[in-house]
1. What does the charge count around residue 17 come to, taking other residues whose C-beta lies under 10 Å from its C-beta (Lys +1, Arg +1, Asp -1, Glu -1)?
2. Highest GNM mean-square fluctuation, the chain, Cα pairs closer than 10 Å: which of 197, 233, 25?
3. Using only alpha carbon positions, build the gyration tensor of the range 223-264, then give the equivalent ellipsoid semi-axes as the square roots of 5 times its eigenvalues, largest first, whole angstrom.
4. Which loop chymotrypsin sites (Phe, Trp or Tyr not before Pro) in the range 105-181, with loop taken from DSSP, have no more than 10 other Cβ atoms within 10 angstrom of their Cβ?
5. What share of the DSSP beta bridges in the chain is antiparallel, in percent to the nearest 5?
6. Starting from a Cα-only point model with no solvent, please compute log10 I(q)/I(0) by Debye for the range 14-170 at q = 0.14, 0.15, 0.18 1/Å.
7. Which residue fluctuates the most in the chain, going by a Gaussian network model with Cα springs under 10 Å, if the choices are 41, 137, 183?
8. In the Gaussian network model of the chain, springs joining C-alpha atoms below 10 Å, which of 114, 150, 323 carries the largest mean-square fluctuation?
Amino acid sequence: MNSTNDSEHSNTPATMTGVQLIGHGGLDQLVYRQDIPTPHPKEGEVLLKVLAAGVNNTDINTRIGWYSKQITGDTNSGANQGYDDLAAATATWSGTALKLPRIQGADVCGEVVSVGVGVSVDRIGERVLVRTMQQNPQTKKRFDCVTFGSEYDGGFAQYTCALSHEAYAVNTPWSDVELASIPCAYSTAENMLHRAGLKSGERVLITGASGGVGSAAVQLAKRRGAYVIAVAGATKHPDVKALGADQLVARDDNLVSTIGADEVDLVVDLVAGPNWPQLLDVLRRGGRYATSGAIAGPMVELDVRTLYLKDLTFFGCTYQDDSVFRNLVSYIEAEEIRPVVARTYALKQIHKAQTDFLNKDFTGKLVLIP
């Protein structure tokens with residue numbers, strides 16, 4: 001049975017609470033409102049009551065405009081105040097100016113409360129996760145993608161709409177908060193391992209291993225049977241070891257002295273920054289490097305001779321094949337991974353949540369509850 005009128009299946013209010021991003025800049029650009037019109041699902045969409053929404057680097061990077069090539073500092077460099085004289089057209093990950101106001105929130109666990117034309121009403125009542133990095137529905141070309149909460153309104157509100165085929169029903173006893181910690185971080189981590197083809201028995205080095213993506217990568221790499229070397233602040237080593245890391249390295253340790261040269265099959269890097277050359281030094285000949293972040297700064301020094309003389313392969317990882325998120329849902333349902341939630345906040349506390357996120361004194365994820 002298909003819906004022809006979403007209102008007949010929903011008693012949603014006319015307005016909702018939510019957080020709107022009104023421009024690039026500091027925390028003052030995130031405005032909590034209680035009078036935002038509740039969206040209605042278009043053809044092929046579902047309306048979700050947001051049950052919980054995770055906090056991610058990409059939300060902050062977009063807010064401050066860090067993706068702009070004008071910015072060369074680390075992700076904390078403009079996190080509180082933004083940047084002056086930023087060109088809006090370059091300030092997003094996609095290189096296209098953001099349509100404002102925008103409701104951000106790349107991580108969503110929600111309940112389907114209404115459906116648009118062409119979507120079965122049987123979906124109503126499902127608890128779902130929305131895929132964060134989605135195929136661009138306008139082109140359907142590989143590597144042409146859009147992000148939930150950037151090109152479309154996301155989860156920092158009581159309700160949000162998503163394409164029905166991008167909202168995955170999940171059968172698990174996990175809580176709403178636990179599920180909301182998964183989509184962005186875990187799909188990013190799984191995508192890097194997928195693209196780089198990590199195999200059982202290989203040695204993988206993971207930077208930023210106590211963060212959302214890093215802690216996910218540790219679990220997902222262990223799931224594949226890899227030997228995991230995790231780089232994290234020393235105070236967080238017990239947390240990361242509990243996730244399955246085989247070897248712990250302190251953040252500022254010299255990697256070659258600690259691990260040895262040519263000892264690693266794959267580097268999963270979320271940090272970049274001034275110590276980046278060491279990551280290539282520890283890779284074996286024929287090794288692979290995969291990245292989806294640069295929290296310590298995007299500008300690195302590359303000796304191209306290292307790249308070609310060691311026959312290294314680099315993977316820049318943004319676009320995700322459909323199988324990545326589908327597989328991730330199956331891991332959840334099979335209890336092959338587990339969530340790592342450090343703290344929760346009411347949605348109206350988003351300024352505090354993002355401030356705490358930037359302080360990085362936790363392991364795992366922070367989650368907002370509308």
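1. Values: positive: 33, 348; negative: 35.
Net charge around residue 17: +1.
2. 197
3. Details: eigenvalues 60, 48, 5 Å².
Listed largest to smallest, the semi-axes of the range 223-264 are 17, 15, 5 Å.
4. Working: sites: 143, 148, 152, 156, 159, 168, 174; in loops: 143, 156, 174.
Those satisfying the criteria are 143.
5. Numbers: 31 of 57 bridges.
Approximately 55 percent, going by the DSSP bridge assignments.
6. Taking Cα atoms of the range 14-170 as identical point scatterers yields -0.69, -0.79, -1.07.
7. It is 137.
8. Sorting by GNM fluctuation, first place goes to 323.
Each reported figure results from applying straightforward, stated rules to the coordinates on display, with no laboratory input. Just so it is clear, the model here is predicted, and its values are computed rather than measured. Every residue, glycine as well, gets a Cβ built from its backbone with ideal geometry; the counts of neighbours run over all protein chains shown.
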